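Below is one structure; the comments refer to it alone.
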Amino acid sequence: MPQLHVRLHHVAATLAVLASLTLATGCHKKTVAPPPGSMGPTIETTGPAPTATLTAEPLAIELGQSVALNWRTTNATSVTIDGLGPVVPNGTQMVAPANSTNFHLVAKNDNGTTEANVRVTVRVAAPPAPMGDNSGATGNAAADAIFHQNVQDAFFDYDSYELRPDAQTAAAAAAAYLNQHPEIRVLVAGYSDERGSAEYNLALGENRANAARTALISAGVTANRIRIVSYGKEKQFCTESSESCWQQNRRAQFSIDR
Amino acid sequence: MEKMLNLARRMRTRPDLRWNLLPLAMALLISPVLRAQDWFKTETSTGAGTIRMAAANFKPQSPDPQSAALKRTFDAVLYADLANAGLFDMVSKSLLPTSTPGSPSEIQLPQWSGAPTSAAMVAFGSLGTQGDHLIVNGFLFDAKNTQFPQILAKQYNEQASDDQARQIAHRFADEIILRLGGGVSGIAETKIYYVHLAGGAKEIWEMDYDGANQHPVTHLGTTSISPRVSPDNSRLAFSSLDRSGFQIKMYSLLLGRMVTFPSSGGTNLSPAWSPNGHDLAFSSSRSGDPEIWIADASGGAARRITNRKGPDVSPVFNPRTGAQLAWASGGTNGIPQIFIMDSDGSNITRMTDGGYATSPSWSPNGQFLTFAWNRKYGPGAPGGQDIYIMEVATRKWIQLTHDNGRCDYPSWSPDGRHIVYASSPNGRMDGMKIWSMLADGTQQRPLSATGSDMPNWSWK
């Protein structure tokens, strides 16, 4: 389960659940007429694969706010959304993710599987930063976008803070960009996946940020331009319990330090 | 203390605990009778049996509805405190005599010592209100001693409120436990500090030892973790996220506000009080690598104790001596293990033999460690993280939790008979609850709602 505080909004829920149950059990035998008022599609013994759309409104929120997830499927016999479990074929639900989250919908029938995704970005309000050369939020956002086009995060193996070859490449690219832009100071943030002790993971995140910092210094970035911080598993990017998600969280993230 | 002795004996006399505990665990599951027999054996083998205790309903002294409600609270809390103590075989309320003696002249001991009550000890008394005051008279009698049965007589006079009825019951229970529990103070008046997750922020909260009175302490609106209360209950050290990362923070429980504690560079985590309250050990990366440091309680005279590559975190003093520390250390590419050392950094000894071991807590008598351990930890490996205890001298261990989700942050009670810990069925913070159990793993029960983590039991 992602860290979600889910509040159900019953959008024709009872009716739709009844309809989908009836359809799912009957689909191998014969065509069953949908009950009156059903929002579900007509199921045929052979036919098209499901279609699915998943949207979120709004796409970006401040921490603590809610997002309306809205999904529409056709021809599906089962619809699930990661973290919410089985859902009705067409529905709306309010969610309040604690972290930026990829919502992933899978619609299935006997003829195939269709997926739909939407990413909800959760902005954690940062303390007001002192204004430097980059004044104004628009200027900051543009500078951040250019920075992140040139500088990628460094990723780590499980329980390790050694820079892998790909992380060394990322750190070298970051150092090259920083050497071209001596006016930029960099914040290196260390993160860990969700497994294990929160206290230990904060120390491990510190070691990861430290390893990236050392690589930057070796590549010629002066130490006083680099600030490091560890978030351990306190600020997860990805909140699914899967290796791909854990890998996203095991990283040192570079950003402009203002 | 008796339980700890039993445990030590069990560990020494059983060469391979893993296999020998299995039939024991199965017996516990299969039959409550067998379980009782096991207790009978182990207790008698140390020369101390569980005491059969009757907690009478107290006699109402005033007929008003308010005191009836207060009496319900008092009777329930007193019974629960005595049952939680881990010392008594409590007489079910349905087996009590129908009489409710309010004073020594009203009790007829043969009713209590004879079958079916068969009590060795009787706690009884009276409760009433006078104006806005709640007055409780409590007695403890030895039911088998017909000549001089009185062990304890106490009178309490407080503001009439549900909370005071609760607190008086705690105080009376602790008086009983002190006298019948080998001179070790009870824990009914102790507090548990913990992390509470709400709206994306983590604040420090406090509750009574039994889960009552859950309420926030801090209102910082950020991520505050690892609360540790000082031995005199005056201050709360914890670690909190600000713009420069995690820093040690200090809250005065006497002043009810934050007090200054110096910030430093790096990530500063997991404070731990020395038993005399003079020193604070913590993890700090102010010199680069995360190491164990010790400073005085106001943050001055900070000195580095360890010098090891990799994460070093979660120190805890030996509360008996103050001369040793246990902590979790990762090494260069290692998975964390529990180590102990002298408080000057010498005599480092590794305690765990593999797996993923974190979050040590040292028993008040200095004899045992408890910690979170996933013995099968590794990339892709299945297996749970459970609470274990280990005898420091022999490094023999027993697993206390089984199939109860991911468990972490065990913390000993000051009487050494209980352990509080956090557990989550799905392993995530939003599913975490705080549980307590006896230090032999029995009487596991949840204390808090979900979204609660990192409990720390007060020292008194």
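The values are calculated or read from the model by the stated rules, or taken from the named source; none is laboratory data. Note that this is a predicted model, so its numbers are computed, not measured. Every residue, glycine as well, gets a Cβ built from its backbone with ideal geometry; the counts of neighbours run over all protein chains shown.
Here are a few things to note about the model shown:
- Residue count for the range B:432-450 under the criterion of being surrounded by fewer than 19 Cβ atoms within 10 Å (Cβ to Cβ) and in a loop (DSSP other than H, G, I, E, B): the result is 5.
- Candidates in the range B:145-195 are the residues that are of a type in the set (Asp, Glu) and in contact with a strand residue (DSSP E or B) (Cβ under 8 Å, 6 or more places away or on another chain); of these, the one that is nearest to B:Asn213 (Cα to Cα) is B:Glu158.
- Contact map, the range A:57-75: first residue within 14 Å of chain B (Cβ to nearest Cβ) and closer than 15 Å to A:Ala98 by Cα, second residue β-branched (Val, Ile, Thr) and part of a loop (DSSP other than H, G, I, E, B), Cβ cut-off under 6 Å, separation 6 or more or different chains; pairs are A:Leu63/A:Val124.
- Qualifying residue in the range B:333-356 (condition: more than 13 Å from chain A (Cβ to nearest Cβ), aliphatic (A, V, I, L, M) and crowded, with 24+ Cβ neighbours inside 10 Å): no
A quick yes/no check of all residues on (1) among the acidic types (Asp, Glu); (2) modelled with pLDDT under 95; (3) within 22 Å of B:Ile338 (Cβ to Cβ); (4) touching a strand residue (DSSP E or B) at 6+ places or on another chain (Cβ under 6 Å):
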| position | (1), (2), (3), (4) |
| --- | --- |
| B:Gln399 | no, yes, yes, yes |
| B:His402 | no, yes, yes, no |
| B:Ala422 | no, no, yes, yes |
| B:Gly427 | no, yes, yes, yes |
| B:Trp435 | no, no, yes, yes |
| B:Thr442 | no, yes, no, no |
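- All of (1) part of a helix (DSSP H, G or I); (2) buried (at least 23 other Cβ atoms within 10 Å of the Cβ); (3) at the interface with chain B (Cβ under 10 Å from one of its Cβ atoms) hold for A:Tyr231 with one exception: (1).
- Selected residue (criterion: nearest to the other protein chains (Cβ to nearest Cβ)) from residues of the range A:189-198 that are crowded, with 24+ Cβ neighbours inside 10 Å and closer than 17 Å to A:Ile228 by Cα: A:Gly190
- Looking only at residues in the range B:235-262 that are part of a loop (DSSP other than H, G, I, E, B) and touching a residue at least 24 places away in the same chain (Cβ under 8 Å), the one that is nearest to B:Ala272 (Cα to Cα) is B:Phe261.
- Filtered residues of the range B:294-316 (kept if part of a strand (DSSP E or B) and either buried (at least 24 other Cβ atoms within 10 Å of the Cβ) or facing chain A (nearest Cβ under 10 Å) (or both)): B:Asp312, B:Val313, B:Ser314, B:Pro315, B:Val316
- Matching residues, the range A:173-188, being surrounded by fewer than 23 Cβ atoms within 10 Å (Cβ to Cβ) and not in a helix (DSSP H, G or I): A:His181, A:Pro182, A:Glu183, A:Ile184, A:Arg185, A:Leu187
- Residue pairs whose Cβ atoms lie under 6 Å apart, sitting 6 or more positions apart in sequence or on different chains, and linking a residue in the range B:96-114 that is surrounded by fewer than 18 Cβ atoms within 10 Å (Cβ to Cβ) to a partner that is outside any loop (DSSP other than H, G, I, E, B), are B:Thr100/B:Lys59.
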